[in-house]
Amino acid sequence: MLAPYACDPALSRGRRFEEVSAPTRTDYQRDRDRIVHSTAFRRLVYKTQVFLNHEGDLFRTRLTHSLEVAQLGRSIARSLGLEEDLVEAIALAHDLGHTPFGHAGQDALHACMHDHGGFEHNLQSLRVVDTLEERYPVFDGLNLTFETREGILKHCARPAAEALEAIEPGGVGRRFIDREQPALEAQLCNLADEIAYNAHDIDDGVRSGLITLEQLEAVPLFDRYRRAALSAHPAIGHGRGQRRLLYESIRLMLSDQVYDVIDTTRKAIADVAPQSADEVRTAGRPLVGFGQAMRAESIVLKRFLFQNLYRHPQVSAMATAGKQVVHELFDAYCAEPGEMRGGFGDRAAEAGPALSRQRIVADYIAGMTDRFASSEHQRLTGRRLFD
Ligand code: MG
């Protein structure tokens, strides 16, 4: 059922350390299984997407977000003849490098690392699967296939790409130098990520009370499905029914976006007619995407969420406190590396030109869950910034 333009596991560019193939699983299934069993994957359950983990049991965390991305990605992959297991592997790994406290945590860590190479979550996700996981006797990391790693490294600035290219010539940094596209499975995960968070941030935003259904009437994309849901089921327009109205509107919006991606991508593939995954990479433009109208409406929705949810005073207050925690943890560990557990303290004592003390501290902080970061902050500073 695999299309010629999909990533065929039998044609994989392989792993950095050669391994015997598994008797019953393809290399991409194996990648996915390695990701699910990793330590970094388990930590996603206690990492913030928008809301702090302890603010409510029903809000998305990075784990449930990643599962939703995998679900959307697989279902689109199936209709396009793409490699579902590869899509699942990339989706489950795409947020492994995220710091605690969402984007605020990453911004703070990037500022801390300003003079030491910076910090970027896509690069960190790759670092987790390539280096930081310690599970196998003879190599660091999970030794994933090229195609999964290609999908994990969604963005990469030129200097970082050149650094990667120096370590791994012709590897996952190369396309950012040659300005090529990744395989379709990677392109798809990118879009599935966006579809997933736009939808679930509406859901979490309304449930938290930070945004209202009435406010969302100003967002044409959402309002169209809200009206459709109401006209099909007038009873859900008031009282307790409104929760169903929210879910039904989001459900309709999700399906329509999925169909839009499938249609648009089919057309783009038909135009370019790639005969292999490599022809996708050199097609000169991404082939997975929304149609023009859906793209424009999705931008309006994103802008709404940005202004009304991500910049809501309550979310901003969390972000400010999260940044302070990251900054103060960074200073505390750089001053006293022995305070880091799990071998990080020992590693910092051996830091040198190839691996700075600051990078080791950044790796340690990036791996933290929200609550571990808060409790470490309290232990080291005697101050409590989160209840
Ligand atoms: Mg994501």
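Every number here is computed from the coordinates shown, using simple stated rules; none is lab data. Just so we're clear, the structure is a prediction, and the values are computed from it rather than from any experiment. Because the Cβ atoms are built from the backbone with ideal geometry, glycine has one as well, and the counts that use them run over all protein chains shown.
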Item to check | region 1-101, relative contact order in percent, only Cα pairs under 8 angstrom and at least six apart counted | outcome: 34
Next on the checklist: If a paramagnetic tag sat 7 Å from the Cα of residue 71 along the Cα-Cβ line, which residues of region 183-201 would have the backbone N under 18 Å from that point?
Outcome noted: 189-201
Next on the checklist: Just to confirm a number: summing +1 for Lys and Arg and -1 for Asp and Glu over residues other than residue 248 whose beta-carbon lies under 12 angstrom from that of residue 248, what do you get?
Outcome noted: +4
Checklist entry - Where a Cα-Cα gap under 16 Å defines reach, which aspartates and glutamates qualify for residue 302, not counting those fewer than 8 residues away within the same chain? => result 193, 194, 201, 203, 204, 217, 223
Item to check | Cα-based Rg / Dmax (Å) for the chain | outcome: 21.6, 67
Checklist entry - Calculated from DSSP H runs of 4 or more alone, at -39500 (n - 2.57) each and per residue, what is the 222 nm mean residue ellipticity of the chain, nearest 500? => result -18500 deg cm²/dmol
Checklist entry - What number comes out for the charge environment of residue 320, summing +1 per Lys or Arg and -1 per Asp or Glu over other residues with Cβ under 13 Å away? => result 0
Checklist entry - Say each of residue 19 and residue 111 gets a label point 7 Å from the Cα, pointing the same way as Cα to Cβ; how far apart are those two points in nm? => result 4.0
Next on the checklist: If you take every residue apart from residue 9 with its C-beta less than 10 Å away from the C-beta of residue 9, what net charge results, scoring Lys and Arg +1 and Asp and Glu -1?
Outcome noted: -4
Checklist entry - How many nm is it between the label spots at residue 379 and residue 233, if each spot is 7 Å from the Cα in line with the beta carbon? => result 4.7
Checklist outcome for this item: If R0 = 22 Å, then residue 11 and residue 273, at their Cβ-Cβ distance, give a FRET efficiency to the nearest 0.05 of 0.75
Next on the checklist: Per residue of region 310-326, what does 6.51 cos²θ - 1.76 cosθ + 1.60 with θ = phi - 60° give for ³J(HN,Hα)? Whole Hz please, x for Gly and Pro, Karplus curve as stated.
Outcome noted: 5, 9, 4, x, 5, 6, 5, 5, 4, 5, 5, 5, x, 4, 4, 4, 5
